[in-house]
Amino acid sequence: MNKIFLLTIFIPTILFAQPKEEVRAVWLTTAFGLDWPKSYERESQKEEIINILDQLKYANFNTVMLQVRARGDLIYPSKIEPWAKALTGQLGKDPGYDPLKFIIREAHKRGIEIHAWWNVFKVYGKGVPSETLPEHVILKYPNFCKEYRDEWWMDPGIPKVRKYLLRLAMEMVRKYDIDGIHLDYIRYPNKDFDDYETYRRFGNNENRSDWRRGNITKFVEALYDSIQAVKPYVKLGCAPIGIYKNTWNISGWEAYNDTFQDPVKWIRDKKMDYISPQIYWGINSPLRFDLVVNDWRKIINERHIYPGVAVFKLDSYYGNWKAKEILAQVDTLRKLDMKGEVFFRTEDLINNQKNILTLIKQRKFKYPANIPVMPWKDNLKPSTPTGLTSLQFRNKYLELHWHKSNKSVNGDTTSYFNIYSSNRYPVDISDPKNILALRIPSSTNNIVIDLHSVPNDKYYIVITALDRNNNESIPSNTTSFIIESDKNPVIVAKGQRQ
């Protein structure tokens, strides 16, 4: 029997309204082991991974951008590229398990989505990698790569480079139950990248800047179309640099003209599901956080934006921000109607730098949040769960049972269940205060609830189903119970209103 014990159910209203649907994500960096477990021992790694996921779940995060390809190496077994150095301290060494498979399974148990974060064209740092099997791309295809300021980059203008990357990405898509792919370094390093010979061979006398942007776009389009053909529910997103184009009040290193990435085109051409621009400035800095976010909002409204938030700048080395800066940025994103946020880095949250994880949980993520639906992928509601009943389990514990949903009209099956409770009938499932539990795995059809902290009253409970795209069903039948002082909960009805 699967049981989930929920220690606190009904929580008082907080100062700032929280949306019921919001992506609450982290970038989990494996490069150099920055956010990754520090141990190279398999079981210790697994324990640390579970601890990270548990802390994120406790603080009501619902998404992890997991870096699976950092520097031309992978945290899963591949026939194309070697094992990541971060796993064992040695490039190409088998860690003795499949970290990506393990994390997906553990995250989904907790209702957390996993987006495979890919560093696309940047593939190594200084020097050259050691010999491995399979070989690192720098050694196997040296003509694909160029050194730029002590870093190795694949050349986006070479058609075979784009084909190589597409084959590598689709190997992962077919093999793993990921929820999305998240592209980083989906760009040129800068204007002075040495690709003149590539341009001479493949440029066809096109404007060189337009040609460069076109090379990146061709890869994005090919990847999006390939994903759609195999697993259309898998999301494609990216992390562009913070500024799209300079304007009269926003000036700096820009995506469009300096790195030749055009996420606005990708969104408008329906070849990207979301973007997470890296907006690592403060609200009162010369380049203001709110102005940059608003600029993205004005030019993109077709699909989702989850801006990047610089939690790492709490560290005295990077900026010594106060925790209230991060909290204010979350408020800003909600005010500007963003669909969520992504925090960089995970370690700063897990280590509770300046009490930030505690503050986010208490003040901004008090209630769990569902992940917003992407209606262009699927907007059909799944079938409604049936047969919800409540039974007294033991002193001050209530057990809920329900029947799993059938397949919906479009063939979708249930991925998760949501449970809501209120002292008013009917239960308003749009109100975050009524959330009892979100994203319970579909393998479960009963839970046990701790009622010790619940005030005396009569309560109503309903359950809904979620499909893979987070469409939510119509609520089930209602069951109810009464809490009386110093007594066990009294079951008023099993599956109907009383």
* To do: Mind putting a number on the dipole of region 137-234 about its Cα centre? Charges go on the C-beta only, +1 for Lys and Arg and -1 for Asp and Glu, and I need it in Debye to the nearest 20.
  => 320
* How many nm is it between the label spots at Lys175 and Lys126, if each spot is 7 Å from the Cα in line with the beta carbon? -> 3.2
* Just the C-alpha atoms of region 386-493: what Rg/Rh do they give, with Rh taken as the Kirkwood radius? -> 0.98
* Contour excess over end-to-end distance, with Cα ends at Asn249 and Asn301 and 0.36 nm allotted per residue -> 16.6 nm
* Asked: What's the local net charge at Leu28, with K and R +1, D and E -1, over the other residues with C-beta under 12 Å away?
  -> -3
* Could you point to the residue in Leu398, Gly340, Asn249 farthest towards the positive end of the chain's charge dipole, with +1 and -1 charges on the Cβ of Lys/Arg and Asp/Glu respectively? => Leu398
* Asked: Amide H of Ile447: which non-local residues (sequence gap of 5 or more, or other chain) have their own amide H closer than 5 Å, using H built in the peptide plane?
  -> Leu400
* Structure fact -> The answer for the net charge of residues other than Thr88 whose Cβ lies under 10 angstrom from its Cβ, with Lys and Arg +1 and Asp and Glu -1, is +1
* With r as the distance between the Cβ atoms of Lys322 and Tyr58 and R0 = 22 Å, compute the FRET efficiency 1/(1 + (r/R0)^6) and round to 0.05. => 0.40
* Roughly what would the spin-label model give for Asn456 and Ile482, points 7 Å off Cα along C-beta, in nm? -> 1.2
* Counting only Cα, what are the radius of gyration and maximum Cα-Cα distance Dmax of region 23-364, in Å? -> 19.4, 58
* **Dipole magnitude of the chain, debye to nearest 20 (Cβ charges: Lys/Arg +1, Asp/Glu -1, about Cα centre)** => 680
* Structure fact -> With +1 on the Cβ of every Lys and Arg and -1 on the Cβ of every Asp and Glu, the dipole magnitude of region 269-374 about its Cα centre, in debye rounded to the nearest 20, is 300
* Kindly give Rg over Rh for region 99-242, based on alpha-carbon atoms, with the Kirkwood expression for the hydrodynamic radius. => 0.99
* **Structure-based [θ]222 nm, the chain - -39500 (n - 2.57) summed over DSSP H runs of at least 4, per residue, nearest 500** => -7000 deg cm²/dmol
* To do: Determine the sum of side-chain charges near Tyr148: Lys and Arg each +1, Asp and Glu each -1, restricted to other residues whose C-beta is under 13 angstrom from that of Tyr148.
  => -1
* To do: Would you kindly state the longest site-free stretch of the chain, with sites defined as chymotrypsin sites (Phe, Trp or Tyr not before Pro) in a DSSP loop (not H, G, I, E, B) surrounded by at most 11 other Cβ atoms within 10 Å?
  => 6-247
* To do: For a label point 7 Å from the Cα of Arg208 along Cα→C-beta, name the residues of region 120-159 whose backbone N is under 19 Å from it.
  => 145-149, 153-159
* Structure fact -> Computed over the chain: longest principal axis from alpha-carbon atoms vs helix 99-109 long axis, angle to nearest 10 degrees, is 30
* Asked: How big is the gap, in Å, between the Cα center of region 170-186 and the Cα center of region 278-309?
  -> 25
* Asked: Hey, what did region 180-286 get for relative contact order, percent, Cα under 8 Å, at least 6 apart?
  -> 35
* To do: Take the alpha-carbon positions of region 65-168, form their convex hull, and give its projected area averaged over all directions (one quarter of the hull surface) in nm².
  => 6.9
* To do: Would you kindly compute the Cα radius of gyration of region 11-124 and its largest Cα-Cα separation (Dmax), both in Å?
  => 15.6, 53
* **Restraint check, Lys38/Lys322; Lys245/Lys313; Lys324/Lys364, Cα-Cα greater than 21 Å** => Lys38/Lys322; Lys245/Lys313
* **Unit Cα scatterers, Debye sum, region 261-392: log10 I(q)/I(0) for q = 0.12, 0.14 Å⁻¹** => -0.57, -0.73
* Provide Arg288, Arg105, Arg187, Arg200 in ascending order of the number of other Cβ atoms located within 10 Å of each residue's Cβ, fewest first. => Arg200, Arg105, Arg288, Arg187
* Asked: Among Tyr459, Asn477, Ser430, which residue has its Cα positioned farthest towards the positive end of the charge dipole of region 386-493, with +1 placed on the Cβ of Lys and Arg, -1 on the Cβ of Asp and Glu, and the dipole taken about the Cα centre?
  -> Asn477
* To do: Among Arg297, Arg162, Arg201, rank each residue by its count of other Cβ atoms within 10 Å, from fewest to most, as a rough exposure measure.
  => Arg201, Arg297, Arg162
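Read-outs: derived from the displayed coordinates by stated rules, not from any lab. This is a predicted model, so every value here is computed, not measured. Cβ: placed from backbone, ideal geometry, glycine included. Neighbour counts: every protein chain shown.
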